[in-house]
Structure formats: structure tokens, C-alpha cells
1. Applying the Karplus parametrisation 6.51 cos²θ - 1.76 cosθ + 1.60 with θ = phi - 60° to the phi angles of segment 232-243, what ³J(HN,Hα) value in whole Hz is obtained for each residue in order, glycine and proline being reported as x?
2. Rounded to the nearest whole Å², what accessible area per residue is found for segment 151-258 with the 1.4 Å probe?
3. Placing unit charges on C-beta atoms (Lys and Arg positive, Asp and Glu negative, everything else neutral), compute the dipole magnitude of the chain about its Cα centre in debye, rounded to 20.
4. Calculate what fraction, in whole %, of the accessible area of segment 179-238 sits on carbon and sulfur atoms when a 1.4 Å probe is rolled over the protein chains.
5. Counting only protein heavy atoms and a 1.4 Å probe, tell me what percentage of segment 29-85's accessible area is made up of carbon and sulfur.
6. Under 17 Å from the 7 Å Cα→Cβ point of residue 202, by amide nitrogen: which residues of segment 49-70?
7. Using the charge dipole of segment 122-173 (Lys, Arg: +1 at Cβ; Asp, Glu: -1 at Cβ; taken about the Cα centre), state which of 127, 139, 156 has its Cα farthest towards the positive end.
8. Mean separation of Cα pairs under 8 Å and 6+ residues apart, divided by the residue count of the chain: what relative contact order is that in percent?
Amino acid sequence: MKRKLFTGLLILIFVAIGWYLFLKPNDYQVTFKTKLIPPVANQSIKLWADGLSNSNLENQKNLQNFKHRIVFGDSTYIYEWKITQIDDSTSQVKALITDINNSLANKIAIPFSDTDFEKRSKNTLRNLRDVLKEHSEQFRVSVIGEETIPETYCAYVTYESSQKNKAFKMMQGYPFMNMIQNLGIELNGPPFIEVNTWYVQKDSLSFNFCYPIIHNDSLPEIKGLQFKKIQKQKALKAIYNGNYITSDRAWYALRAYAKKNNITLENKPYEFFLNNPNMGGDELNWEAQIYMPLKN
């Protein structure tokens, strides 16, 4: 009987060792918490990875599961990210890390020594954790609830962009404001964007950058500039405070609120910018009113 137990135990040990060395899909795992909801953590990790010297998004199953290929010197690592929401404002970030050239050697060495691979992984994720913490303190989002997108007439230009470059595309449209005013067209409120298409999985969008104007019957023809009426419509509203580069953080907050409260939305947000970024100042005092239309 004892021999059978001993034999069974040996088999289990060898199976466990075989799984660890040859079947376990990663070499090392780091887990930490962040005060960001999963899709915002997703965007922030991608922005952090873009700042590294040699990093590429390898695959994205969804906003909570995606991979990066990151090169450090002569080593190539795969970072598999798994983000899990803990509560309304906190997520757990899990990084499953593999050195594709030295995976077996790392698995053998890690249980017995503090390897360079392990040290680098810890330091890299410690840096990322600090970056996410800093970002969480750079903006605020307050969901207001159901309101109405105001009706207005506007002049607009259309752009296609990644989410992270939205604000830079908007800056290209600023000369049109001076052009409009020089032609004697009266502005009628702060500029805003109207998103036509938001490709959530691809982090890209098509949007109209709009200047509210007083409508008249003799509007001039200007290359690249069009005119339209924005119809009022029911929407969820949020107030965003922070740099307008990351105002899309409010989009995800509205989506999360809608999911929690069984509200169906159109993924076509509007953003009304109440401050002029060129005036500088504390970015947490910049305000944008964000609307996500209700689906009929």
C-alpha cells in the first residue's frame, strides 16, 4: 500500500514538473491593482508600451485580454495582459511574461535564484504600476445620468484618427475657427466633436470637429468645411476633468454605467470642450461635457 502511494506521489511530481517546464504557457507572473476600470487600464498600458523603444501590440482578444511583444536588448518578451474588474473604480492587472528565447532556462532557474529575467520583469511592472497610478490622478469622470444633447447648428471638418491622436487631429482644425470668424460668421458656443464611427477593438474613430455657429442663409463655400444641424437627442452625460487627450476615459465610464443599469447606447459620443487648452492652467480644471446617445 505504501509503495503504491509512493509511486502515485512520484507520478504526480513528475507530471507537475513536466507541466511546469514544457506546458506552462508563461515563465513569470506579476499581479497588481490599479484605480482604473479595465478599458481605461487597457488604453493606459498601450500608451505606456508605445513609449518603449521596441514594442508592438501582438494580439487583442478584447479590452481585458491582449498581448505585447517587447524587446529588451537581445531578449524578446511576450507580455500577456489579463485585466479583471474588482469594483466600480478598481481593477487587477495580471501580466503573464515569457522570454521566447530562454523560456525553459528561466523556468529551471526561477525557483532557485533571483534571475535577471525576474528582476527585469519586476522592475518593468513596477514602473507600469507607477505610470497607471499617476494617470489615475490626472483626470476625473463624474457620470451625471440621462440628459439631452443640445440642438445646434455648426461648421465642421471630418477626421479619421486613432483614439490617442484625437486631440492632435482637433488641433489641425483650429485654423478653421479663425477663418470662420474672418468671414463674419458668428460663433455660438464652445467647440465639440461628434463621433461618426468608433471602432472599439481597433482604438480608432471617425469624427466631426465642430464649431457652433449662428445659422444664416448665405454661408460661404470653404474647401474642407461643411455645415449641418445637430439634432437634440437623449443621452447619458458625464463631466470629464483633465487633459482632452484622454477625454475618451469618460466614454468607457458611460459604457460601464450603461451596462450596470441595463441602458443601451450608441457608440457615437459627443464631447463639448469648455476650456481652451492653449490657455494652460491646471488640467484638472479643464472641463468637457461628454454625451453618449441612447439607442432607440
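The values are calculated or read from the model by the stated rules, or taken from the named source; none is laboratory data. Quick caveat, the model's predicted, so the values are computed rather than measured. Here Cβ is always computed from backbone atoms with ideal geometry, including for glycine, and neighbour counts include all displayed protein chains. What goes into the accessible areas is simple: the full protein's heavy atoms, side chains included, and nothing from ligands, DNA or RNA. Shrake-Rupley method; radii C 1.70, N 1.55, O 1.52, S 1.80 Å.
1. Residue by residue, segment 232-243 yields 5, 7, 5, 7, 8, 10, 9, 9, 10, 10, x, 5 Hz.
2. Values: 5060 Å² over 108 residues.
On a per-residue basis, 47 Å².
3. Working: 36 positive and 29 negative charges, 315 e Å.
That gives the chain a dipole magnitude of about 1520 debye.
4. With neighbouring chains kept in place, the figure for segment 179-238 is 46 percent.
5. Values: 1130 of 2640 Å².
Summing carbon and sulfur atoms, their accessible area is 43 percent of the total for segment 29-85.
6. Only 57-63 pass the distance filter.
7. 127
8. Numbers: 515 pairs, mean separation 49.3, N = 296.
The normalised contact order for the chain reaches 17 percent.
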